[in-house]
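Please read the structure below before turning to the comments.
The values are calculated or read from the model by the stated rules, or taken from the named source; none is laboratory data. None of the values given here were measured: they were computed from a predicted structure. All Cβ positions, even for glycine, are placed from backbone atoms using ideal geometry, and neighbour counts span all protein chains on display.
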Amino acid sequence: MQPFEALKKAREKNLDLVEISATAQPPVCRIMDYGKYLYEQEKREREAKKHQKTITVKEVKFSINVDEHDYETKRNHVIRFLEEGNKVKASLRFRGREMTRQSLGRGVLERLIKDLGDRAIIESYPRTEGNTMNLMLGPSKKAEKPEKGKGEAKPTQPAPQAAQQQQPKPPAAAPVTQA
């Protein structure tokens, strides 16, 4: 169809003539409501954005002489960030003469790793960059909470008591001491 004929048809129907493929021979056009098309496309993009999960990097700063309560508070922040699905950067800054005590700083970060256990995946082990030691942690697949409406994990049922009673009991013996 000639372009002027297609344009005439589109105007009769109060629609737009939209070029779909300009490189094709002959060019491909479509008669449609272009404003409605743009609106629906934007609506699909917004819907797709709702289902995307954005991961941000949260930072928690430690020092080599952190008190027990401060350490526990910061550890709890790390746990909360990981459960929300964010990555965590644990950083420890050495000031002045603290640079000679890097083993203490590494100890603080390794203690954090040990305390988190299987709640976190270690993406990069503690490493020193200038006067800062950094540790990158990612959320563990086990630690992530299921999203609302997607089915929550059901607690496992305890084993029946009859099965527990059938197991043979060890004979009474002298207490075992460990060396």
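So if I check each of Ala10, Ala22, Ala6, which one is over 30 Å from Gly85 (Cβ atoms) and touching a residue at least 24 places away in the same chain (Cβ under 8 Å)?
Only one candidate passes the filter, namely Ala6.
Would you confirm whether or not the stretch 42-59 contains a residue that is of a type in the set (Ser, Thr, Tyr) and outside any loop (DSSP other than H, G, I, E, B)?
Among the residues of the stretch 42-59, not one is of a type in the set (Ser, Thr, Tyr) and outside any loop (DSSP other than H, G, I, E, B), which makes the answer no.
Please tell me if Gly117 is under 30 Å from Gln52 (Cβ atoms), outside any strand (DSSP E or B) and touching a residue at least 12 places away in the same chain (Cβ under 8 Å).
No, not satisfied.
Any idea which of Glu72, Glu98, Glu84, Glu68 is in contact with a Gly (Cβ under 9 Å, 6 or more places away or on another chain) and in the same structural domain as Asn131 (by TED's automatic domain parsing)?
Just one listed residue meets the conditions, Glu98.
I'd like the full set of residues that are exposed (fewer than 10 other Cβ atoms within 10 Å of the Cβ) and β-branched (Val, Ile, Thr), limited to the stretch 11-26.
If the condition is that a residue be exposed (fewer than 10 other Cβ atoms within 10 Å of the Cβ) and β-branched (Val, Ile, Thr), then Thr23 is the only one that fits.
Check Tyr39 against each of (1) in a helix (DSSP H, G or I); (2) without any contact (Cβ under 8 Å) to a residue 12 or more places away in the chain; (3) over 30 Å from Gln2 (Cα atoms) and name the one condition it does not meet.
With (1) in a helix (DSSP H, G or I); (2) without any contact (Cβ under 8 Å) to a residue 12 or more places away in the chain; (3) over 30 Å from Gln2 (Cα atoms) applied to Tyr39, the lone miss is (3).
Taking Thr73, is it surrounded by fewer than 16 Cβ atoms within 10 Å (Cβ to Cβ), at pLDDT below 90, of a type outside the set (A, V, I, L, M, F, W, C) and under 26 Å from Ser124 (Cβ atoms)?
Criteria not met by Thr73.
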